[in-house]
Each structure stands twice: as structure tokens, then as C-alpha cells.
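Data block below; observations after.
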Amino acid sequence: MAEREDLYGLLAEFESPETLVEAARRARAEGYSEIDAFTPFPVEELNEVLHLQDSRVRVLGLAGGIFGFAVALAMQSYTNFSYPIEVGGRPLYALSAFAVVAFELTVLFGALVPAIGMLALNGLPRLNYPVLAASRFHLASKDRFFLCIKAADARFDARATERFLKALAPCSVELVGA
């Protein structure tokens, strides 16, 4: 067995989404917290098992929209203050005239900030992902389902975790190097 520093984790292959979900549930019940799953199509039951309820991208969208709105108002207020045009009784700060630019920058920042934030939160672009080197992982995009218990997990022990995964009756269990 390789040392923990040389490992990314253990990868177990399953034939059906039901067996993968059951294996993930048992891994959680056993105390593993650093687990991930790879499937050829979305499996809704995995969201609750893997605790994929992250809402940071939504918060980034709201923050981006508020920031865009504030930038638009500040930019137009500064321009009107620095270069005042007093024509026809028009108020210096006509907020109704600011609406179009404020809307456009709200939408722009409300879309760009979460898109860039989503990439950053996912760790992308990632030039190397150790799981992709597994011998049978190419089947994850066809018809197989994979569960990975990462070596970063506090409960991870290569031999014990491998015995645990083999007890779940997978098609195969493979060590994944870092």
C-alpha cells in the first residue's frame, strides 16, 4: 500500500445508481466525510447524501447585482456632479434617468460575478484531476457509477477503507494516486 501522502483516495465502481446511493449512505454512516460520486447522469438522491446544498453562488449573484447597481449610481452621480448640465429645469440628480444604466450594470454584474465565482469555487480550471487517471474511470461517462473516498478524510486508512468498500460489493476498487 502507498502512503497517505501519495494517495488521492480509493475509487469504487458500481453498476447501478441505487447501489451507489446505498454505498454513499453507508460511507456517511461509517463516518467518512470526504466522499465524492461520479455518474453518467444526475442522481438526485446523491445531493442529500453528499451534502451538496451549497448556496454560495446564489449569494454571489445577489452581491454582484447590488455591486453593479451601486457602481452605476456612483458613476452617473459623479459624472453629473463633475460635469453639470443645467438645462430646462432638469434636476442635477434625476434618478429616473439613471434607471437604464443601473439596470444594465445590475444584470451584467449579477451574471458575471456568479459565473466567475462558480469557476473559482469549483477549483477550475483544473489541469490535473487524479481520478481521471484511474483505469476504469472512462466508464463514468457511459454506464458506471463511482464512489471516491478521499485520503484527506480524517477517518481514511487505506487498508480499512479498502475492506469497507469491498464489503459494499462493488465491481472494482482502485487506489487513486495524488
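The values are calculated or read from the model by the stated rules, or taken from the named source; none is laboratory data. Small disclaimer: the values here were computed from a predicted structure and weren't measured. Cβ atoms come from the backbone with ideal geometry, glycine included; neighbour counts cover every protein chain shown. Only protein heavy atoms, including side chains, enter the accessible area calculation; ligands, DNA and RNA are left aside. Shrake-Rupley method; radii C 1.70, N 1.55, O 1.52, S 1.80 Å.
Summary table
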{"read-out": "Sequence-distant residues sharing a close amide H with L7 (under 5 Å, placed H)", "value": "A178"}
{"read-out": "Restricting the stretch 105-176 to trypsin sites (Lys or Arg not before Pro) in coil, as DSSP defines it, with at most 12 other Cβ within 10 Å", "value": "R126, K142"}
{"read-out": "Per residue solvent-accessible surface (Å²) - the chain, probe of 1.4 Å", "value": "62"}
{"read-out": "Of all accessible heavy-atom area on the stretch 1-151, the percent that carbon and sulfur account for (1.4 Å)", "value": "63"}
{"read-out": "Rounded tilt (10° steps) of 17-30 against the dominant C-alpha axis of the chain", "value": "90"}
{"read-out": "Test item: Cα-centred dipole of the chain, Lys/Arg +1 and Asp/Glu -1 on Cβ, debye", "value": "260"}
{"read-out": "Cα point-scatterer Debye curve for the stretch 55-120, base-10 log of I(q)/I(0) at q = 0.21, 0.25, 0.26, 0.27 Å⁻¹", "value": "-0.78, -0.95, -0.99, -1.04"}
{"read-out": "Base-10 log of normalised Debye intensity for the stretch 1-98 (one unit scatterer per alpha-carbon) at q = 0.18, 0.22 Å⁻¹", "value": "-0.96, -1.11"}
{"read-out": "Range in the chain, longest, excluding exposed GluC sites (Glu not before Pro) [loop by DSSP; at most 11 other beta-carbon atoms within 10 Å]", "value": "87-178"}
{"read-out": "The chain: angle of helix 56-82 to the longest principal axis, Cα-based, in degrees nearest 10", "value": "20"}
{"read-out": "Coarse-grained scattering of the stretch 3-45 at q = 0.16, 0.28, 0.29 Å⁻¹, given as base-10 log I(q)/I(0) from a Debye sum over alpha-carbon atoms", "value": "-0.48, -1.13, -1.17"}
{"read-out": "Calculated FRET efficiency for the pair V57/E15, C-beta based, R₀ 35 Å, to 0.05", "value": "0.60"}
{"read-out": "Spread of Cα-to-Cα distances over 10 Å intervals beginning at zero, given as percent, for the chain", "value": "9, 26, 23, 13, 11, 9, 7, 2, 0"}
{"read-out": "Rounded to 10°, Cα long-axis angle of helix 158-167 versus longest principal axis of the chain", "value": "80"}
